[in-house]
1. Given Cβ point charges of +1 (Lys, Arg) and -1 (Asp, Glu) and nothing else, what value in debye, to the nearest 20, does the dipole of the stretch 374-433 about its Cα centre take?
2. May I ask for the net charge around PHE342, where only other residues with Cβ less than 9 Å from the Cβ of PHE342 are counted and Lys, Arg are +1 while Asp, Glu are -1?
3. Using amide H atoms built in the peptide plane, which far-off residues or other-chain residues are under 5 Å from GLN427 H to H?
4. For the stretch 51-173, give the magnitude of the charge dipole about the Cα centre (Cβ charges: +1 Lys/Arg, -1 Asp/Glu; no others), in debye to the nearest 20.
5. For the stretch 400-433, which trypsin sites (Lys or Arg not before Pro) are in a loop by DSSP, counting at most 12 other Cβ atoms within 10 Å?
6. HIS132: net charge of surrounding residues, Cβ under 11 Å, Lys/Arg +1, Asp/Glu -1, itself excluded?
7. At a Förster radius of 35 Å, what calculated FRET efficiency corresponds to the Cβ-Cβ distance of ARG418 and LYS390, to the nearest 0.05?
8. Hey, how many Å between the Cα centroid of the stretch 263-330 and the Cα centroid of the stretch 124-189?
Amino acid sequence: MKKPLLFSNEQSRRRFVSLAAKSFLGLSILPWASPLSSQAAGLGLNRPLNQAPKAKNVIYLYMSGGMSHLDTLDPKPSTEASGPTTAIRTKADGVQLANNLPLLANHTDKIALIRGMTSTKGAHQQGNYFMHTSYAQRATIVHPSMGAWVTKLDGRFNPTLPGAVVVGGGSRHPLSGFLPTSHQPLAVGNPSEGLRNCERLWGMTNEKFSDGLSLSQKLDHSFLQKYNFDKVNAYSDMYDDAVQLMKSHDLQAFDLKEETASTRDAYGEDNFGQGVLLARRLVERQVRFVEVQLGGWDTHQNNFTRVQERSAILDQALSALLDDLYKRGLLEETLVVLATEFGRTPNINVNEGRDHYPKAFSCMLAGGGIQGGQVWGETDREGREVSDQKVEIPDLNATIAYALGLPLDQIVYSPTRRPFTLSDKGQPLVKLI
């Protein structure tokens, strides 16, 4: 597929030369390439590097609250754990989904189901944080989310748009964590409203705007000279990025009104569906990582009614996305991730609900070089235990990074000089790719 932006070709050349240097020489020799730290080997990880990554961007769909694996991606028909949920056949031979996902069943040839997920975090805040960062939550530090790691280790492809965007992420999202604010994902509330506060006031001409910026820079000059600190400079850089974004022709990517009514309807009228459509528009313009959240999965009560409602929203938007990316030739270079912090109990409580269950749950990958039509991992007859190919959360995040060709063993230091690597010690599932 032809790239819509000229600089994306330059970025692709840089990635190729960088990876070639790492492969043939065992190090990075170029100043703009991601250097492999000489201390990485000291961690003893030696995790593999994908030398020919197909994935360039990620659309990350996060089901906030703990999506029931038993009623979505890992049904257990004819057991007490299933309740009224049944299983349906799909386009992939031998692969079943819950009856709550009838549209996704037509796309299983494109997806890899990961049914062996497990975690030790059974509370929402801790589980959410762990899924986004691969690290346990601490009071003394905030770790970067995956979108921030991508731009830190591999840069932006579009210099005028944010490297990462989070749609409906809420106030507890870790965003860039301890990384500089230049890697901060842009938070978007309502996707249908576009990017707010980006237009100049009525009567503000280009000349007046430029004069105002020039005056502001002159007034700030002495302060920046006197207080030449990282945080102060980061604020100035963030201001410059905002101005650059306001002037960018790619700002129209945030305007969903440019899509036809039939396309918008295909994704669903709710905020999640429109957020997924926005994600597709952004990756078309080389935004590296777009997360869209769908809440409401904390089904302690009325699980089967509420999961059916949530699943209908997810099913429509995800199926439209996979179909859209495939038709546009974007699926091979866009990794689609469906994730949640934990599953729900096989036991059905007195309120017809399911409670928190981190011991076993499911996630999904598609596109970006992922081999479709397969299942990784297995739970027992009632979905209580992972019986084969256990996958921990850092392993899932390492797989995302591997698909992108990111250097898993590169050390990044926090402001207190503590060493961290992407996805901690997670091992990528290389056989999925």
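Computed from the coordinates by the stated procedures, all read-outs in this text should not be read as laboratory data. If you're wondering where the values come from, they're calculated on a predicted model, not measured in any experiment. Cβ atoms come from the backbone with ideal geometry, glycine included; neighbour counts cover every protein chain shown.
1. Details: 7 positive and 9 negative charges, 68 e Å.
Approximately 320 debye in magnitude.
2. Around PHE342, the charge tally is +2.
3. ASP395
4. Working: 12 positive and 6 negative charges, 80 e Å.
My answer is approximately 380 debye.
5. When the trypsin sites (Lys or Arg not before Pro) of the stretch 400-433 are filtered for loop state and at most 12 Cβ neighbours within 10 Å, ARG417 remain.
6. In short, -1.
7. 0.80
8. If we compute the Cα centre of each part, the gap is 20 Å.
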